[in-house]
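The values are calculated or read from the model by the stated rules, or taken from the named source; none is laboratory data. Keep in mind that what you see is a predicted model, and the values were worked out from it rather than measured. Counting neighbours? That spans all protein chains shown, and the Cβs are built from the backbone with ideal geometry, glycine included.
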């Protein structure tokens, strides 16, 4: 059975993806700075000498600061899924935080490449996450993968992120870079934040609410990773966004109706207030970005949740 080594595997995407891979019959090794603590059960697997959680999930050690990975775990990998990176929206964008956001991505890529070079391995492909933050504001037509990176902070972060993993190709490994839309999941991320005021009967419209939002259901994103693993001809960058792009206002109001029926009030938060509270990060909240996923669909990938209504029906009880 193929083994997938995941960096950043304890986050929102990594947790969901690990379960998805197990359901598809893969073994999964999640890299962690504290593997024994991270494992839900602390039983040492005598054959592999790292920590087993449950089913086919194992946890192995790595340390980006020391540039080390458990070599035995690395040697087991048939594929690497590279998700590591500090959360973009977790804290305000101070200069120190922006440096951490960039370096957590580029340094972890350097570590993966170092081990691919120095440790005998059987890795067939590396699937790396990126984001539609690559793109700037709408420019009259949907963004496609050949469009250049925006000059803003997230655009340049995504550029450095993708460039940092590119040396994989020089080692003869297949590389796929999935540029994810805003992930909708009940376990965290953007949807959790959207829900907070709605629980109190308030649907908050950010700015004028007309900014286009390119999103993806967490299940479809996980399926895209599996699709990339299993198609040996898939190479390069692919946008992973649902075919239906909606405005920020539409997303908020549809979510409010799913949660509360008609029992909510709309509250508009002016752009100037968002800029005061969020600083530079507000540019992403207010940015309109229509991103096309035609490229990955042309390769045969089918979205299970192509419309926002279907996605919310699945996610909202």
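Computed values, structure above
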read-out: Filter result for the condition that a residue is more than 30 Å from residue 169 (Cα to Cα), touching a residue at least 60 places away in the same chain (Cβ under 8 Å) and crowded, with 17+ Cβ neighbours inside 10 Å, over 229, 234, 251, 315; value: 315
read-out: Strands (runs of 3 or more DSSP E) contained entirely in the range 87-200, each with at least 2 residues that are touching a residue at least 40 places away in the same chain (Cβ under 8 Å) and closer than 29 Å to residue 257 by Cβ; value: 182-185
read-out: Within the range 276-298, considering residues that are surrounded by 13 or more Cβ atoms within 10 Å (Cβ to Cβ), farther than 24 Å from residue 255 by Cα and touching a helix residue (DSSP H, G or I) at 6+ places or on another chain (Cβ under 9 Å), the one modelled with the highest pLDDT; value: 296
read-out: From 191, 171, 175, residue being surrounded by 18 or more Cβ atoms within 10 Å (Cβ to Cβ) and modelled with pLDDT of 95 or more; value: 175
read-out: Among (1) part of a loop (DSSP other than H, G, I, E, B); (2) modelled with pLDDT of 95 or more; (3) more than 15 Å from the chain's Cα centre (by Cα), the one test that residue 84 misses; value: (3)
read-out: Residues within the range 284-311 that are assigned to a helix (DSSP H, G or I) and free of Cβ contacts under 8 Å to residues at least 60 places away in the same chain, tallied; value: 4
read-out: Test: residue in the range 99-108 that is crowded, with 19+ Cβ neighbours inside 10 Å, at pLDDT below 95 and closer than 30 Å to residue 278 by Cβ; value: no
